[in-house]
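*Asks:* Below: one structure in structure tokens.
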Amino acid sequence: MSAPGASMAPWVRHFRLMQTSPTKAYKPQTGPQSCYHCGESVPVGVSYTVVINDILQPMCCPGCRAVAEMIASSGLENFYQQRSAFNQRPDIDPTESASHYALYNEPSISSNFSEQDDEGILHARLLIGGITCAACTWLIEQTLLKLPGVKLAVVNLGQSRLNVSLDSTLCPLAEVFRAVDALGYKCRPFQTSTRREQMAQEHKSGLQQLAVAGLGMMQVGMFAIALHAGDIQGIEAEYQQLLRWVSLMVATFVVVFSARSFFESAWRHLKVGALVMDLPVALAIGTAWLASAWATLSGQGQVYFDSVVMFTFFLLLGRFLERRARARDQLAWFDAESTLPESVKVRRADEWLDVARKQLQPQETILITRGAIIPVDVLVQRGTSSIDESTFNGEHLPRSVTIGDALYAGTVNIEGALEARVLGTYVDTRLAALQRSVERAQTEKPVVAQLADKIASKFVGMVLLVTAATAGAWFFIDPDKALWISLSVLVISCPCALALATPAALTGAANGLRRSGIIVRGENALEALARTTHLVFDKTGTLTQGKLTLKKTLCLSDIANNEILRIAASLQLFSNHPLANAFAEYPCDLPFEQVNYCVGKGLEAQLEHQTYRIGSQSFCAALAADMPPPPDDNFYWIALCRDATPLAWFGLEDSAREEAHSVIDRAFSYGLTVELLTGDSSSQGTELAKALHISTVHTGVSPEQKMAYVQKLQNQGAVVAMVGDGLNDAPVLGVANASFAVAGATELARTQADFILVDGDLNAVLDSYKHATKGARIIRQNLSWALLYNLCGIPLAALGYIPPWMAAVGMSASSLLVVINSLRLNKPSTIRE
């Protein structure tokens, strides 16, 4: 296959044709003897096939099969429904990885999972298979950063996602795929469908390994009881040897099938000079198995097959539960584009056609009906309306728009129909930019390094040195004991308790919070929450109720207040404006006629030959010239008039939550710094801050500004917990050290938050903080015990006072103690003060 930049191959041109004929999808008629990819005849006796969209399709050669498999495995099967002609038969040798991955250098393919910025830097999203821990992410990142042209490489362990930025002229994208593949991990373009398949496969594989280890533990444990009883009461040699041989076969299968991942991980990191927790784990399992196998073959010494399989089972169980917790809610990871309409009415050749949104072309004219979601960023060409942009700016009042105004994808047209000109594709929209901000927030989120991780690398190296020194010393003192004593050192020093110290406590704390109605999506954020110094709140829908209510009525005539409210409520029955909901609880039985809804202004109607208007000041003043300006007060004001007579002003307000005052006071009592960030540019934010005694408030800030402000605090040494609910809060929730989404939050906010308050009670934020601080204390206790156990146990084992079987018991007991101590956090009764 020719180099991507040399010349445009025919099959590449066919890839690009899918963008030139968007209205019709090409559906080639392939007979049983035609290649599904290139359309040429399939030679007799050739049986190359590829599953595409769950259908087995024939291929004429290995090259077509290789390209088709690449497209299908990348989740890009829809290419075959979009193409406008058959593809050219590619000249690809599927046995060569260079040619295999070179397909991703082609822009028409890579554009499905990457973008290029103005500086020519390519930003790609890749899916990594086989990563299990933070050490895996470190290995991939450090390897890629050594490649020329790679600017950034960040692995999101929770999503198995690699975000890489590179100069494609220095480092073609195929080099990234090959580098990751060389490390022993599987690399594919990041697609939701492929991630779902990978998660299902990982769950199935993990369950199989755990089941085999569990069954093996039961079987070998049963034989071990008989062997230990025989050592005490006596057992004939042939029966003892039979039990040992059966245990050897079962334990061997467990080690080869279930414990394989420990050995693979240890070897993968050793090749690049990294010491990880899996290394002493693999050494302990491997050495114990080898020693027991030698004892079985020679008929001398003790066997510890039960320790081998038990150790394997409990470690796999911990990792399986950790992976499940990490993957929980992951498939709900929000794709902002999925909220947009699939089809749009487009004017082509003086005719309105239903066209797929993804096939819209810049400068085309589309029709946006009342109540519709804006599909892409557009410019109004005809009509007037009001647009609900609360998800972006946090403001309740819609923005009135007319000819020449820009509308943004994801906002809602709530009043009149509009004709608008398309400004670009989805990737050019403000919504896509917000989604990219969320993704950057995920990659830039401060890494909460667990205390165990800070100790692990040095501890692993120390364990290996002590074990080697012990083996060397006993080789000269008593060679017969050298193996067993060094094995005791390795087993007793195995960092199982150290590895469990932090995750066991975090899992216990998370379970306790979940039982109290607080959904925990990011357990590692508990450690950051315990160190919080700044508590930052959004306003609308977080500290406030999230809906406007009528707070003040100022009558301007001699009509009674109740009658004024009756008139206003009856008029608002004909409005679909969000402000109309504020009058829903009042009587609305007046028979208004000839109702005229004036988009962006208000309502006009007739009653008993009199004209009534309700809406903005200018709208009412056009009928009642004496309409006074709204009071200089901190409300959203609506005017009401009848003919030339001003009738009333209505003041609306988004009230603070009932518990807001007590929550803020409680936060101050804990020594936290409380701040308010809101996208609302009105004075409402400042007034709310004064009422709650919050000294620091920033109003009218964009999502990007919120994220930048929190990052500024973090750079100054602050540990920030953020509480929000809207789409505009998603980036800052992702970048904060710990984040909360209140009940009713948008899906994007919920998926970016570490904690979700099910009942919406803000007291749960402080309850979580206190529970996290208790969890931090238990983590320190666990680590202290684990280190004390190792510091005392290793010297005793090295001196020969602890046999291997006792070392295995000590190791298990140490881990059990850590788990039991962590279970104290499971009780929901310990959360509420």
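The values are calculated or read from the model by the stated rules, or taken from the named source; none is laboratory data. All values derive from a computational prediction rather than experimental measurement. Backbone-built Cβ (ideal geometry, glycine too); neighbour counts: all protein chains shown. Just so you know, the surface numbers come from the protein's heavy atoms only, side chains and all, with ligands and any DNA or RNA stripped out. Shrake-Rupley method; radii C 1.70, N 1.55, O 1.52, S 1.80 Å.
*Asks:* Based on the Cβ-Cβ distance from GLN361 to GLU115, what FRET efficiency comes out when R0 is 22 Å, to the nearest 0.05?
*Replies:* E(calc), rounded to 0.05, equals 0.70.
*Asks:* Which three lengths, in whole Å and largest first, does the stretch 555-676 cover when its Cα atoms are put on their principal axes?
*Replies:* The principal-axis extents, from largest down, are 64, 29, 28 Å.
*Asks:* In whole Hz, with x marking every Gly and Pro, tabulate ³J(HN,Hα) for the stretch 534-547 from phi via Karplus 6.51 cos²θ - 1.76 cosθ + 1.60, θ = phi - 60°.
*Replies:* 10, 10, 10, 10, 7, 9, 5, x, 10, 7, 10, 6, x, 8
*Asks:* How much accessible surface area, in Å² rounded to 10, belongs to the heavy atoms of LYS601 with a 1.4 Å probe?
*Replies:* Result for LYS601: roughly 120 Å² accessible.
*Asks:* Can I ask one more? What is the set of long-range amide H partners of ARG161 at a cut-off below 5 Å, with H atoms built 1.01 Å from backbone N?
*Replies:* Counting only residues 5 or more places away or on other chains, the set is ILE128, ASN156.
*Asks:* Here's another thing I want to ask about it. In whole Hz, with x marking every Gly and Pro, tabulate ³J(HN,Hα) for the stretch 779-786 from phi via Karplus 6.51 cos²θ - 1.76 cosθ + 1.60, θ = phi - 60°.
*Replies:* Rounded to whole hertz, the list is 4, 5, 5, 4, 5, 4, 5, 4.
*Asks:* Put a dot 7 Å past each Cα toward the Cβ at THR696 and LEU817; how far apart are the dots in nm?
*Replies:* Result: 4.3 nm between the two label points.
*Asks:* Accessible area of the stretch 536-695 with a 1.4 Å probe: how many percent of it is carbon plus sulfur? Mind showing how you got there, number by number?
*Replies:* Working: 3390 of 7200 Å².
C and S atoms contribute 47 percent here.
*Asks:* Starting from the Cα of ASP558, step 7 Å along the direction of its Cβ; do the same at LYS146; then give the gap between the two resulting points in nm.
*Replies:* Going by the 7 Å Cα→Cβ label model, 9.2 nm.
*Asks:* I'd like the accessible area for GLU202: 1.4 Å probe, protein heavy atoms, all chains in place, Å² to the nearest 10.
*Replies:* 40
*Asks:* Now, a different point. Compute the orientation-averaged projected area for the stretch 620-666 from the convex hull of its Cα atoms and round it to one decimal in nm².
*Replies:* Over all viewing directions, the stretch 620-666 projects a mean Cα-hull area of 4.1 nm².
*Asks:* Can you compute the modelled spin-label distance between SER47 and TRP267, with each label point 7 Å from Cα toward Cβ, in nm?
*Replies:* 3.3
*Asks:* Which residues' amide hydrogens lie under 5 Å from the amide hydrogen of ARG657, considering only partners 5 or more residues apart or on another chain, with H built in the peptide plane?
*Replies:* THR544, GLN545
*Asks:* Could you give the length gained on full extension between ASP643 and ILE55, defined as 0.36 nm per residue of separation minus the Cα-Cα distance, in nm?
*Replies:* That works out to 204.7 nm of additional length.
*Asks:* Using a probe radius of 1.4 Å on heavy atoms only, what accessible surface per residue do you get for the stretch 508-643? Whole Å² is fine.
*Replies:* 45
*Asks:* To the nearest 0.05, what FRET efficiency results for GLN606 and GLN705 with a Förster distance of 60 Å applied to their C-beta separation?
*Replies:* 0.80
*Asks:* Report the FRET efficiency, 1/(1 + (r/R0)^6), for PHE475 and ALA625, where r is their Cβ-Cβ distance and R0 is 60 Å, rounded to 0.05.
*Replies:* 0.05
*Asks:* Further question on the same structure: Arranged from highest to lowest average of other beta-carbon atoms within 10 Å per residue, in what order do the peptides 533-543, 713-723 appear?
*Replies:* Packing proxy ranking, top to bottom: 533-543, 713-723.
*Asks:* Report the net charge of residues surrounding ASN596, where surrounding means a beta-carbon distance below 11 angstrom and charges are Lys +1, Arg +1, Asp -1, Glu -1. Intermediate results must be reported in sequence, preceding the final value.
*Replies:* Details: positive: LYS601, ARG613; negative: GLU593, GLU604.
So the surrounding residues net to 0.
*Asks:* Among LYS151/LYS712; LYS146/LYS204; LYS146/LYS712, which pairs are too far apart, with a Cα-Cα distance over 25 Å? Mind showing how you got there, number by number?
*Replies:* Numbers: LYS151/LYS712 23 Å; LYS146/LYS204 34 Å; LYS146/LYS712 29 Å.
Check vs 25 Å cut-off fails for LYS146/LYS204; LYS146/LYS712.
*Asks:* Also, quick follow-up: Please give the solvent-accessible surface of GLU527 in Å², to the nearest 10, using a probe radius of 1.4 Å with every protein chain present.
*Replies:* 40
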